[in-house]
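Have a look at the structure below, then the notes.
None of the figures in this text is laboratory data; all of them are computed from the coordinates on show. This is a predicted model, so every value here is computed, not measured. A quick note on method: Cβ atoms are made from the backbone with ideal geometry, for glycine too, and the neighbour counts reach across all protein chains shown.
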Amino acid sequence: MAEPITIRMAATTDIPTLRELFEADVYDGHTRINDTGADIENLKAGYFDDEGRSGFWVAEAPDRVVGMIGVQCVGDEIAEIKRLRVLSEFRRRGIGASLLDHAVKFCRSRDYVKIVLDVRKERDPAIHLFEKAGFFLARTREAEGHKTLDFYVDLYTDPSSRS
């Protein structure tokens, strides 16, 4: 039987665990240029100092944090989903989908009209999750010898889904 998972706002006391999630999921031992995870080290400045336009949440099992996701405001009507991670032993249980759904609902409630995100080409499970959630591939970029896929979803395309 699967452990119950709750999603809650991240707290500064979660930072060491969030850093571990970030480090554990660095692909092939490499981060992108300039991606040090500094936003995780300073959650307040990265996600909570913009009048509620951004946010950061954790998925929590009864005894520990097992996943995370962030939303950052990148424009008046555009948000970026960042840092979606789930501990490897908790994957394939719907936690990533629940975190993504939570983030999308947050964006809808803030009247964003577009959400963007990027993912490395090697991340097949994440790519399938984004596509299943209605995100579309915008473009493929190459940097540092790795391909990155840029995805987006337009929230204004289905007015009846705004709740």
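May I ask you to list the lysines whose Cα is less than 24 Å away from that of residue 121, ignoring any residue fewer than eight positions away on the same chain? Residue 121 reaches 82, 132, 147.
Can you tell which of 50, 63, 14 shows the greatest fluctuation in a Gaussian network model of the chain with Cα springs below 10 Å? Per the Cα network of the chain with a 10 Å cutoff, 63 tops the list. When the chymotrypsin sites (Phe, Trp or Tyr not before Pro) in segment 75-163 are filtered for DSSP coil states and for at most 12 other beta-carbon atoms within 10 Å of their beta-carbon, no site remains. Set the Cα radius of gyration of segment 64-142 against 2.2 N^0.38 Å, with N its number of residues, and you get 1.09. Helical content alone sets the calculated 222 nm signal of the chain at -6500 deg cm²/dmol, taking -39,500 (n - 2.57) per DSSP H segment of four or more residues and averaging over every residue. Placing +1 on the Cβ of every Lys and Arg and -1 on the Cβ of every Asp and Glu, with nothing else charged, gives the chain a dipole about its Cα centre of roughly 360 debye.
Can you check how the C-alpha radius of gyration of the chain compares to 2.2 N^0.38 Å, as a plain ratio?
Ratio of Cα Rg to 2.2 N^0.38 Å: 1.00.
Candidates 79, 153, 47 compared by Cα position along the dipole of the chain: farthest toward the positive end lies 153, with charges placed on Cβ.
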